[in-house]
Amino acid sequence: MKNSTPPIFAAAADYTTVSIEFLERISLGENAVEPFLHQLHECLLTRHQHAEVAVLATCNRLEVYWTEGSVEEMYRGMDGDAAGDCSGDEHSAVFRDLSVRTGVSRDEIAASMKVLAGGRAIEHLFRVASGVESMVIGEHQILGQVEAAWKAATDAGTAGGVLGAVFAAAVRCGRRARIETPIGRNPRDVSTVAVQLAESVVGELAGRRVLVAGVGEMGRLTVKALHHRGVAGVDIVNRGLVRAREAAERWGATANTMERLPVLLEEADIMIASTASTTTILDRRAVESIMERRSFRPLVLIDLALPRDVAPDAASVPGVHLYDLDALKEIAEEGERERRTAIPAVEAIVDDEIRGLRADLGDRAVRPVLSELGNRADELRRETLQSAEKEMGVQKETQRVRFVRVSRLLLTTPRRAPSARLRSEAANGRAVEYADILADLFGLRTRSPEEQRDEQGDGCSHGR
């Protein structure tokens, strides 16, 4: 019997569905992700003992993935009949906890985030990891972010075997897409596009002074892109001077503390910002003061951060040219013809990996039945062997060893066919159905891997 409720869901908002302003409002800061994971996980555990949750948060997307099912339920829920879009009203816990963390109303979040279920949620994650859904198609950065989201949830104790299997398959899918198709050729990322945007505004960059604010992954990629374009006058500002110096030494830039930002902006032609600050590093008043000291000489500000590093109203200051992530969309679509032609091939890989995930989950789901069948058969073998030894008077050790070997062979051979058939059916959605029939026929009482762990105790609290 098919599971009527899909066991996996995704609530997603990205640059294609909402504004950067809204993404900024619902963004979870670096220090807020783990508390949100714990809060939502505890809530979901009150509804299902196998609940798991992970969060993928980047500069242009926020996605929450959660499961409410065992391995067997997950396997059943991958069936196409169980996949589809779901009403956000069914998932108030996710929207409520996001509202608590961000201050945005629950109703606004529910109206803005699309909710996917079952196979569609899995397919979406695989497409994201493969770079198909990125602002810059085929970018490599997103694959690392998917892997980091999985690790963060695992480290927090909110992701286990079920969600772990899904994310592992997504990462594998993303790697295959970049190796086997042109989608990974001539890789670009948002930082590279930002440098290209600066070039389109001011012209040749080689003789310009560029200020890079923040040396997270985005900032380091920006410094690298500037270095490859021959820009010698690059200053880096960062709250931590050690990390700034590491990036500066590698790419021939100058490291500074964040306190020097206003002074450096007096001489800079361009600033590309991507700090992890939860508030703006430049408000309108600060920009106005800097521009006065520059005699309102033109200044290009490219803001890649979320939340934003530069207050949007700074764009009204004379001489300021302010661009945010929305401004990168048009440029990101240029020069991607080859990568776009790879999308059908990537989608074929996505389909193949989904089949592989189904087979893996099916194999895991039927293992308890196969294990119990083996235990029951071995128990009968030992009982029969003991009875035969008594009746036949087997005394010599060599005879007994041979007798044991023959008895094992007699049971192994007939078990091999049903075991192989169960595993072969794992990829087409029928393995659990066959396993149920086998368990009924032989009167097997099986325990899932999760139940076995629960009985042994895993050191985790499964409730409030």
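Mind checking the per residue accessible area of segment 186-227 for me, 1.4 Å probe, whole number of Å²? Don't jump to the answer; show the numbers that get you there.
Values: 1500 Å² over 42 residues.
Accessible surface, normalised per residue, equals 36 Å².
Given a cut-off of under 8 Å on Cα pairs at least six residues apart, what relative contact order in percent is computed for segment 216-267?
Numbers: 52 pairs, mean separation 17.4, N = 52.
Value for segment 216-267: 34 percent.
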- Task: On a C-alpha basis, how far is the centre of segment 35-66 from the centre of segment 112-181 in Å? Whole number, if you could?
- Result: 15 Å
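Sort largest first and round to whole Å: the equivalent ellipsoid semi-axes of segment 101-154, each the square root of five times a Cα gyration tensor eigenvalue. Each step should come with its number before you reach the end.
Working: eigenvalues 105, 44, 34 Å².
Semi-axis lengths for segment 101-154 are 23, 15, 13 Å.
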- Out of Ala51, Val33, Ala12 - ranked by how far each Cα lies towards the positive end of the dipole of segment 12-57, with unit charges on the beta-carbon of charged residues - the top one is Ala51
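If the chain between Val100 and His228 were fully stretched, how many nm would it gain, using 0.36 nm times the residue separation less the Cα-Cα distance? Write out the running numbers ahead of the final one.
Numbers: separation 128, 0.36 × 128 = 46.08 nm, distance 4.35 nm.
Result: 41.7 nm gained on full extension.
At 0.36 nm per residue, minus the direct Cα-Cα distance, what do Ile179 and Glu217 gain on full extension? Give it in nm, one decimal, please.
Working: separation 38, 0.36 × 38 = 13.68 nm, distance 2.23 nm.
Gain in length upon complete extension: 11.4 nm.
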- Message: Let me check against my output: what whole-number percent is the relative contact order of segment 33-183, with C-alpha pairs under 8 Å and at least 6 apart?
- Response: 27 percent
- Task: Could you calculate the FRET efficiency of Ser19 with Arg382 from 1/(1 + (r/R0)^6), where r is the beta carbon distance between them and R0 is 41 Å, rounded to 0.05?
- Result: 0.05
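The values are calculated or read from the model by the stated rules, or taken from the named source; none is laboratory data. This structure is a prediction, so every number in the text was calculated from the model and none was measured. So basically every Cβ, Gly included, is an ideal-geometry build from the backbone, and we count neighbours across all protein chains shown. Accessible surface areas use protein heavy atoms only, side chains included; no ligands, DNA or RNA. Shrake-Rupley method; radii C 1.70, N 1.55, O 1.52, S 1.80 Å.
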